1. Against the globular-protein guess of 2.2 N^0.38 Å, express the Cα radius of gyration of segment 2-118 as a ratio, rounded to two decimals.
2. Looking at segment 26-73, which GluC sites (Glu not before Pro) are DSSP coil and have at most 11 other C-beta atoms within 10 Å of their C-beta?
3. Over segment 2-118, what is the relative contact order in whole percent, taking alpha-carbon pairs under 8 Å and six or more residues apart?
4. Projecting each Cα onto the charge dipole of the chain (Lys/Arg +1, Asp/Glu -1 at the beta carbon, about the Cα centre), which of Gln76, Asn47, Gln36 comes out farthest on the positive side?
5. Kindly provide the helix-only [θ] at 222 nm of the chain, computed as the sum of -39,500 (n - 2.57) over DSSP H runs of four or more divided by all residues, to the nearest 500 deg cm²/dmol?
6. Which of Thr90, Phe27, Ser17 sits closest to the plus end of the dipole of segment 2-118, meaning its Cα is farthest towards the positive end, when Lys and Arg get +1 and Asp and Glu get -1 on the C-beta?
7. Under unit Cβ charges (Lys, Arg +1; Asp, Glu -1), what dipole magnitude, rounded to 20 debye, does segment 31-82 have relative to its Cα centre?
8. For segment 2-118, give the magnitude of the charge dipole about the Cα centre (Cβ charges: +1 Lys/Arg, -1 Asp/Glu; no others), in debye to the nearest 20.
Amino acid sequence: MMLDTINGNQIDSEILSNYFKSLVNRFFKILPMKEQREESLVTYMINLRDELLGAENIIASINSDPSYLSLVSILQYLIDNVDNSEECSTKKVRRLVFQTISVCNKLRAQYEYKEVIDV
C-alpha cells in the first residue's frame, strides 16, 4: 500500500512499518542511558523527538494518529523530567520506555495490517 506524504508524494507503507520497528530499539536505548546516568541522554531524546516531529510533518497518515502523538508526548515528558530523580525514577522511565515500545509495535502492526487488507 502506498501512503501519501504532506507534499503529495507517496511512499510504500512497508517503509513506515520498518521505521516503527527501528524506533523500538531507539526508545529502548533510553533505559540503559538513564541507568548509567549518561550525560548525553537529554540530547539523545531531543534528537529523537525532533526526528519524530519531522516524520509527522512528512507522512500525512501519522500526522493525525493519536498513538503517534503519544510517542512524542511521552518523549517530551522524559526530556522535561529525566534529570529530576524524584519526578522521574529509573522505574518510571522503564515503564514509559516499555509503553512507547508497545505503541511502536501497535503502529507497526497497524501499517502492516493496512497493507494486507489492500492487497
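1. Numbers: Rg = 15.0 Å, N = 117, 2.2 N^0.38 = 13.4 Å.
This ratio for segment 2-118 stands at 1.12.
2. Working: sites: Glu35, Glu38, Glu39, Glu51, Glu56; in loops: Glu38, Glu39.
Within segment 26-73, the qualifying GluC sites (Glu not before Pro) (loop, at most 11 other Cβ atoms within 10 Å) are Glu39.
3. Numbers: 104 pairs, mean separation 48.3, N = 117.
Answer for segment 2-118 is 41 percent.
4. Of the options given, the answer is Gln36.
5. Working: 6 runs with 87 residues, N = 119.
The helix contribution divided over the chain gives -24000 deg cm²/dmol.
6. So the residue furthest toward the plus end is Thr90.
7. Numbers: 3 positive and 8 negative charges, 16 e Å.
It comes to approximately 80 debye.
8. On the way: 13 positive and 17 negative charges, 106 e Å.
So the dipole magnitude of segment 2-118 works out to roughly 500 debye.
Every read-out reported here was derived from the displayed coordinates using simple, explicitly stated rules and does not represent laboratory data. From a predicted model like this one, the values you see are computed outputs, not experimental measurements. Because the Cβ atoms are built from the backbone with ideal geometry, glycine has one as well, and the counts that use them run over all protein chains shown.
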